[in-house]
Structures are given as structure tokens and as C-alpha cells.
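K.L.:
Sharing a structure, written as C-alpha cells. Questions coming.
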Amino acid sequence: MHLRSSVLTAMAVLLAAPALRSDEGMWTFDNVPAARMKAAYGFAPDAAWLRHLQLATVRFPGGTGAFVSAEGLVITNHHVGRSSIQQVATADRDYIRGGFTAADRAHELKVPGLELMMLVSTQDVTARVREAAKGLPEAEALKARRNAISALIKAEEARTGLTWQAVNLYHGGEHWLYGYRKFTDVRLVAAPELQLASFGGDPDNYTFPRHNLDFALFRVYENGAPYRPEAFLPWATSPLRNGDLTLVSGHPGTTYRQETFAQMSYARDVSIPARIATQLRRRAALVAFAATGDEPRRITADAIYGIDNGVKRMEGMLLGLRKPGNLEKVEKAEQELKARVERDPALKAAVLPSWDRIAQAVKRQKELLGETSLLAVRDVLGSDFLLKALTLVRMPAEAALPTDKRLPEFTDGALKATRDKLLNPAPVHLDLEKVRIAEGLREVLRQLGEGHPAVKALLAGRTPEAAARAAVDGTALADPAARKALMEGGAPALAASKDPLIAFARVLDPLVRAAQARQQEEVQSVLDEHGGRIAGARFQVYGKAIYPDATFTLRLTFGPVATYPANGTLIQPFTTFYGLYDRAIGWGPEAEHGVWSLPRRWWDLKDKLDLATPFNFAYACDTVGGNSGSPVVNAKGELVGLNFDSNIEAQAGYYVYDGTSKRSIAVDARAIREALVKIMDAGWVVKELEGSK
């Protein structure tokens, strides 16, 4: 007992040190807490340093990347680029399983439909957006804000030629426009085998120590030649050590730290458990399909990985929300803000009722939970392909309306992006889409019951499997040219179309519209309006000393390489290639379906490696999903690593911040170089990365 007490006392002292706590905050580049950084680390970036990092950072679909050479090389995570790697693979050239290295630039593989976005301009339009909604009721105010933003985007796109996006910060406290340069000619240069990129599989996911070579290299081309970026990140020349400051530039997806206690309680008790259950059912359907052959296994691998990753992340969120003291901190902070609001008569009248209005909307949200299976956001019924058909069906009617009467994705400001998504040439696998749609229909049946009008309309007396087959068999919409013809043909072409997926989308459209309208009018408009009021009060009380919730837009976070307490000890900050092989040998090639096995060449070429090379490291930066692929840099702006994950304790950070054990995880730049040279036969790439060709 005496020894244990001594150890615990020592750990408590260590935990009091700044290097053992992560630095909270996902800061917009216009509001970096320079004074705080300078006081803590003796360094703060100036405007030129930040601008360079901003222009070197790019946004991938679902993640982040960075330019790392003067001739357009871009690095990101393998798991961010996995769907792109899968697209250029074939049944006899499985680059997911076997990896890929281009012999030279002529052999780099163009990825159909992959688009990267680089932030080049930002505008604060808060005053103009607020003026448009001044004095209007909740639902009308929401529509007025959207219309004002849409008009601003349309004007800026015409003026600049950039792609503009509306960004809502502080839950309505600020409204910004972000202007992006879009890159559409992106080619695969090199990627390791999936077995290395996701070494340890789901058992190791969201844990540390880790040994994941989670990177991929692409190149951006412009007018047929390698793009020469205005800014890129050089490879670090000095070794990264425990305690060193790191900074991350990336696109954290979504956080909910400024939601109310009622909203977080709903997430803990209702919405997250429901989402986990739905995703596990989707996974089971995909796994059953994958078991039918090598090609089904190949085309479902990325989707199954995505579900596994998402489910484990949501389980981590639940652990954090259920951890004693976490929601109590939220409730305490809420009471403190309410007390500040009550002391200001104007704020009290405008804002104090908002907490009750949000609680009422959350109650209604629970009542409408079953209808979420019908909502169309990134997909509909689990199928992005079906969403394309629904978009085509909706387009003529929406285009005939004034922009302020349209659905958000069809407003003048959003229409170009909607068309681009519709015509994206990424391959469509019809057998896989039938599986997805069938499972989506089963989910609607589970949630709403066979007597519900939507279920009757969609199934028409058929099983979900039969309805999915009828919708997909014979469709021509897998061909982007067919989608383009219908889009350009407008209402006459769509009315004449006999395509079965279009016919199914016609049935689906009014059902989805009704569900979306109820969610919008009875829940979302209330949450937006009153969440905005609370956010405005918080903003008025605390100003920009606080950071906004994540919005999948560019943020900076910072903190040191750092250990953390777990399992009665402290976790090591770095792993090495020694640990990779130790884990592979210790588990053997068969454990957990081979998740710790290594490909043959990693055994054949093992003696060439410097096994002491750092592999992964844990560091105390505030990251979430969307930061995958984010460059990790030192104070010189040099690349020291690539963010790819965080520990399970960090998943609570979507809602509640706890710096004692929240850690991000990165693949060390030294491991990437070692693998490129010694295993992947990519010495020519390393010469470019290091500045000599």
C-alpha cells in the first residue's frame, strides 16, 4: 500500500505539470491566443507564419492534408485517402491490400472525382446576416439568414471565381464566408498496405501505444503539370522529443461543447445510443455482402472501416458523457452563464427563456426520432447514390422557385456545389447500392412500423430487398453522363424518364420533404434561434477569449508531445519500429483475424530498417474527427508528423473537454521517411520531400 501510494502521489505531481495536460481550444486563424502561447511555450506565431500554414493546408473529403513539396505533393492519412486508393485499384491490382508506389510521375494515378480545397480568403459578414433577420419569428429568421448568406455567396463567387462556404461560428454569434481554391486533378503517388496503415485494426483503434503507418501521398496537377503551391511544409530537420511544442492545422469536423445541458443529456441518453445501433445494423449488412466474394470484400472495405471507426468514436463519446462529473461541469457552467445573463436586463429578456425553449425542442426531437431514418443529408437510406437520384428529381421544381423558397442545397449560393456532387465521376457499385438501400428500408420499417404511410409507399407490399432490387436493377444513373443528361434536360427529361431509380426517388421525395420540414420547423429552427441567442450572450460575456465549436473549417491547436496516465502507469510518448515487430510477433499472424500480421515484404526487408526510428507519438493537442491527416508542425513550421487518431479518453472531447488524459496520436515523419526509402521503393519521392530531385 505504501508503494502504491507513493506511485499515485508521484503521478499526481506529474499531472499538475503543464506538459501532461492538453491545451484546450480549436482556434480560428484570425483569433489565435498568441499571448497564452507565448507565456506557456515561449513561442507565438505571427501573421506571416499563420498565412503560410493556412495556404499549405488543404481539405480532403472528411479530413485534412498538406502540401509538402514545391511541386504539389500532398500528404494525408491513408484512411482519409482510402476511398481514393480504392477507386484507382482494380480486382487484379489491389492497392489497398498491396500498397502502391508510382515508379515516377508518369505513373501517378489520377483519382476520378477527388477534390481538394485550400482556404485563401475569409470575410466576417455577421452584421449583414443579422440585419436580414432582424425582428422576424424563429422559422422566418432562419430562412432570412440562409437567404442573405446565399446571396452573399453568389455575389462573391461571381466576383472572385472561388468556391465560397458559409461558416456559422459560436452557434450564430458570428457568420463568416470562407473562400476556397478547388483542385480537381489529384493523383495517387504512394500508399502503404492497409495492414500497415491500420495495424492492430479495431482492437487498437483509439488506443496508445500504436504502430500505424497511416499516410498516403498524392500530387495536385493544374493544366496537366504539377501544381506549384504558394506554400508547403518542409520535412523537419531536427528530432522531435518528449515535451516539444507541436501545432496542428486542420479541419475538426463537429463538436458540441457549447450545447446546453438538455442537449447533451439527450445525446447521452437517446441519440448516440440510437445512432450506434443503426450503424451496427448497417455494418452487419455490409459484412454479409463482403463475405460473398473477393470483389465485394474489396469494395466494402472502406465503408466497413468507416463504420467501425465511427461506432468506436461514439462509444467513447458515451463514456465521456457518462463519466461522473463531466455533465455536472456543463450544468455548472450553464448556471454561471445564466447568472450573468440575469444581471443584464436586456440579456435577461432576450436570452433567459432560451434554455427552456431548447429543452422543449429536444423533447420534440425525441418524439420525431424515428423519422430521422428518412432524412437526406450526406445520403438517403444510407445511399449516396440514391441521394443523387433524389437530387435530380428535386432539381426542376426547386429551380423554378425564388432562391429564398428553395431547399438549402438548391439556393443560388449552394447550387454549384450540388451540381458538382451530382456529376462526380467516382465509380458506383450497383450490387453494393442494393445492399445499402435494402438496409435503409429495413431501418425505416423498424423505426416507423409497417403501418406507417411512408413504409407503405416505399415498400408497396414488397420486402426491403425486393424494393431495393426493383429500384436499382436497370438504372443508368451509375454513368455520370446519364445524370448529366437528366440534369440538363430538366423537367421534360425527368418526366419522360423510365429509370427505376428515378421512379423510386419520385416516391421518396414527398416523404423526405415532410420529415425534413417537421425537423426544421419544430426542432432545428428553435435550436438555431435560441442556441444562437445563448451563444450571443456567451459571446457578449466572454468575447473571443473562448473558441467556437468545430465546423469542419480551418483551425489551429497546439500543445506538447506528452504522456498520460493509464493502467496504473504513464504511457510512453513515442513508439518505434521495434514495437511494431514486437506486437506482430507477440500476437502472431492469426489473432483477431490477423490484425497484427505484417505483409511478406515487411519481414523480407526488416533488416534494412533502423528499428529505433520513432513510429507514432502521443501529443497534447485538442483534435477531433476531421483532423485526420492534419499536419503536425514544430515552431519552425516544419512537418514532424501527421495526425491520425486520438485515444478513447479523447472522444469525450466532442462534448466535454478533459485535458488530463485527452491525447492526439500522430504518425512520426521519421517513420514515413524510413518506410518510403527502405520498404516502399520510393526514394525518388523522399528526394523531392527533402528538397533535391
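The values are calculated or read from the model by the stated rules, or taken from the named source; none is laboratory data. Values in this document were obtained by computation on a predicted structure and should not be read as measured data. As a convention, Cβ positions derive from the backbone with ideal geometry for all residues, glycine included, and neighbour counts pool all protein chains shown.
K.L.:
Restricting the search to region 91-112, which residues are out of contact with any strand residue (DSSP E or B) (no Cβ under 6 Å at 6 or more places or on another chain) and of a type in the set (K, R)?
P.N.:
R93, R97, R105 - these are the residues of region 91-112 that are out of contact with any strand residue (DSSP E or B) (no Cβ under 6 Å at 6 or more places or on another chain) and of a type in the set (K, R).
K.L.:
Taking A545 as the residue in question, decide whether it is more than 23 Å from G683 (Cβ to Cβ), crowded, with 23+ Cβ neighbours inside 10 Å and either assigned by TED's automatic domain parsing to the domain that holds F199 or at pLDDT below 95 (or both). Lay out the reasoning, then the answer.
P.N.:
On the way: more than 23 Å from G683 (Cβ to Cβ): yes; crowded, with 23+ Cβ neighbours inside 10 Å: no; either assigned by TED's automatic domain parsing to the domain that holds F199 or at pLDDT below 95 (or both): yes.
It is false that A545 is more than 23 Å from G683 (Cβ to Cβ), crowded, with 23+ Cβ neighbours inside 10 Å and either assigned by TED's automatic domain parsing to the domain that holds F199 or at pLDDT below 95 (or both).
K.L.:
Could you list, ordered by first residue, the pairs with Cβ atoms under 6 Å in which the first is in region 426-442 and assigned by TED's automatic domain parsing to the domain that holds L459 and the second is acidic (D, E), at least 6 apart or interchain?
P.N.:
Pairs that qualify, where the first residue is assigned by TED's automatic domain parsing to the domain that holds L459 and the partner is acidic (D, E), are A438/E465.
K.L.:
Among (1) modelled with pLDDT of 95 or more; (2) acidic (D, E); (3) under 29 Å from I153 (Cβ atoms), where does E409 come up short?
P.N.:
With (1) modelled with pLDDT of 95 or more; (2) acidic (D, E); (3) under 29 Å from I153 (Cβ atoms) applied to E409, the lone miss is (1).
K.L.:
Take R241 and decide whether it is in a helix (DSSP H, G or I) and charged (D, E, K, R). Spell out how you get there, then give the answer.
P.N.:
Numbers: in a helix (DSSP H, G or I): no; charged (D, E, K, R): yes.
When the stated conditions are applied, R241 does not pass them.
K.L.:
Mind listing whichever residues of region 341-383 are over 30 Å from D509 (Cα atoms) and not hydrophobic (A, V, I, L, M, F, W, C)?
P.N.:
Filtering region 341-383 down to residues over 30 Å from D509 (Cα atoms) leaves 341-357, 359.
Those that are over 30 Å from D509 (Cα atoms) and not hydrophobic (A, V, I, L, M, F, W, C): E342, R343, D344, P345, K348, P353, S354, D356, R357.
K.L.:
Taking into account only those residues within region 201-232 that are within 22 Å of the chain's Cα centre (by Cα) and small (G, A, S), which is farthest from L109 (Cα to Cα)?
P.N.:
So the residue we want is G201.
Yes or no, residue by residue, for (1) of a type outside the set (S, T, Y); (2) under 29 Å from G629 (Cβ atoms); (3) touching a strand residue (DSSP E or B) at 6+ places or on another chain (Cβ under 6 Å):
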{"site": "L511", "(1), (2), (3)": "yes, no, no"}
{"site": "A514", "(1), (2), (3)": "yes, no, no"}
{"site": "V526", "(1), (2), (3)": "yes, no, no"}
{"site": "Q540", "(1), (2), (3)": "yes, no, no"}
{"site": "Y581", "(1), (2), (3)": "no, yes, no"}
{"site": "K608", "(1), (2), (3)": "yes, yes, no"}
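K.L.:
Would you mind finding the one in V444, V435 that is buried (at least 20 other Cβ atoms within 10 Å of the Cβ), touching a Phe, Trp or Tyr at 6+ places or on another chain (Cβ under 9 Å) and in a helix (DSSP H, G or I)?
P.N.:
Exactly one of V444, V435 is buried (at least 20 other Cβ atoms within 10 Å of the Cβ), touching a Phe, Trp or Tyr at 6+ places or on another chain (Cβ under 9 Å) and in a helix (DSSP H, G or I), namely V435.
K.L.:
Okay, moving on. Look through region 286-317, keep the residues that are of a type in the set (G, A, S) and buried (at least 19 other Cβ atoms within 10 Å of the Cβ), and return whichever of them is nearest to I85 (Cα to Cα). Break it down stepwise before answering.
P.N.:
Initially, region 286-317 is screened for residues of a type in the set (G, A, S), giving 288, 290-291, 293, 301, 303, 306, 310, 316.
Narrowing the set further to residues that are buried (at least 19 other Cβ atoms within 10 Å of the Cβ) leaves 290, 301, 303, 316.
Numbers: A290: 18, A301: 12, A303: 13, G316: 28 Å.
It comes out as A301.
K.L.:
If you don't mind, there's one more thing I want to ask. Within region 592-622, can you find the residues that are surrounded by fewer than 16 Cβ atoms within 10 Å (Cβ to Cβ) and not in a helix (DSSP H, G or I)?
P.N.:
Residues satisfying the conditions are L605, D610, L611, A612.
K.L.:
Considering T576, T613, which residue is farther than 29 Å from M317 by Cβ, of a type in the set (S, T, Y) and in contact with a helix residue (DSSP H, G or I) (Cβ under 8 Å, 6 or more places away or on another chain)?
P.N.:
Values: T576 fails: in contact with a helix residue (DSSP H, G or I) (Cβ under 8 Å, 6 or more places away or on another chain).
One residue alone meets the criteria, T613.
K.L.:
Checking the conditions here, which among D658, D645 is closer than 18 Å to G253 by Cβ and within 22 Å of the chain's Cα centre (by Cα)? Let's see the steps before the verdict.
P.N.:
On the way: D658 fails: closer than 18 Å to G253 by Cβ.
Matching residue, one of D658, D645: D645.
K.L.:
Helices (runs of 4 or more DSSP H) wholly in region 136-234 with at least 3 residues that are surrounded by fewer than 19 Cβ atoms within 10 Å (Cβ to Cβ) and charged (D, E, K, R) - which ones?
P.N.:
Working: elements: 138-160, 194-197, 201-204.
The helices (runs of 4 or more DSSP H) meeting that bar are 138-160.
K.L.:
Outside any helix (DSSP H, G or I) and aromatic (F, W, Y): does that describe Y256? Full working, then the answer.
P.N.:
Working: outside any helix (DSSP H, G or I): yes; aromatic (F, W, Y): yes.
Considered against the rule, which asks whether it is outside any helix (DSSP H, G or I) and aromatic (F, W, Y), Y256 comes out as yes.
K.L.:
How do the pairs read when you match residues in region 466-490 that are assigned by TED's automatic domain parsing to the domain that holds A400 with residues anywhere that are small (G, A, S) and loosely packed, with under 13 Cβ neighbours inside 10 Å, using Cβ under 8 Å and keeping only pairs 6 or more apart or on different chains?
P.N.:
The qualifying pairs are A467/A460.
K.L.:
So, one more: If I ask for residues that are without any contact (Cβ under 8 Å) to a residue 40 or more places away in the chain and touching a helix residue (DSSP H, G or I) at 6+ places or on another chain (Cβ under 7 Å), which ones from region 31-62 would you list?
P.N.:
A40, A44, listed by residue number.
K.L.:
For region 99-121, does any single residue satisfy the condition of being among the basic types (K, R), more than 30 Å from E521 (Cβ to Cβ), surrounded by fewer than 19 Cβ atoms within 10 Å (Cβ to Cβ) and assigned by TED's automatic domain parsing to the domain that holds D30?
P.N.:
Looking only at region 99-121, we keep the residues that are among the basic types (K, R), and these are 105, 110.
Remaining after also requiring more than 30 Å from E521 (Cβ to Cβ): 105, 110.
Still in the list and also surrounded by fewer than 19 Cβ atoms within 10 Å (Cβ to Cβ): 105, 110.
Cutting the leftovers down to assigned by TED's automatic domain parsing to the domain that holds D30 gives us 105, 110.
Checked against the condition, which is being among the basic types (K, R), more than 30 Å from E521 (Cβ to Cβ), surrounded by fewer than 19 Cβ atoms within 10 Å (Cβ to Cβ) and assigned by TED's automatic domain parsing to the domain that holds D30, region 99-121 yields at least one hit.
K.L.:
Taking region 635-659 on its own, how many of its residues are under 29 Å from A47 (Cβ atoms) and part of a loop (DSSP other than H, G, I, E, B)?
P.N.:
Residues in region 635-659 being under 29 Å from A47 (Cβ atoms) and part of a loop (DSSP other than H, G, I, E, B): 6 in total.
K.L.:
Taking the condition of being assigned to a loop (DSSP other than H, G, I, E, B) and β-branched (V, I, T), how many residues in region 457-475 meet it?
P.N.:
Our first condition is that a residue be assigned to a loop (DSSP other than H, G, I, E, B); within region 457-475, this holds for 460-463, 473-475.
Still in the list and also β-branched (V, I, T): 463, 475.
Matching residues across region 457-475 total 2.
K.L.:
Which numbered condition in (1) of a type in the set (K, R); (2) under 30 Å from F617 (Cα atoms); (3) touching a Gly at 6+ places or on another chain (Cβ under 8 Å) is the only one that K323 fails?
P.N.:
Looking at each condition in turn, K323 falls short on (3).
K.L.:
Can you name the condition, by its number, that G81 falls short on among (1) of a type outside the set (D, E); (2) at pLDDT below 95; (3) under 26 Å from P252 (Cβ atoms)?
P.N.:
Single failed check for G81: (2).
K.L.:
Given the residues R601, R555, which is the only one that is over 30 Å from E342 (Cα atoms), in contact with a His (Cβ under 9 Å, 6 or more places away or on another chain) and in contact (Cβ under 8 Å) with a residue 12 or more places away in the chain? Spell out how you get there, then give the answer.
P.N.:
Working: R601 fails: in contact with a His (Cβ under 9 Å, 6 or more places away or on another chain).
Of the residues listed, the single one that is over 30 Å from E342 (Cα atoms), in contact with a His (Cβ under 9 Å, 6 or more places away or on another chain) and in contact (Cβ under 8 Å) with a residue 12 or more places away in the chain is R555.
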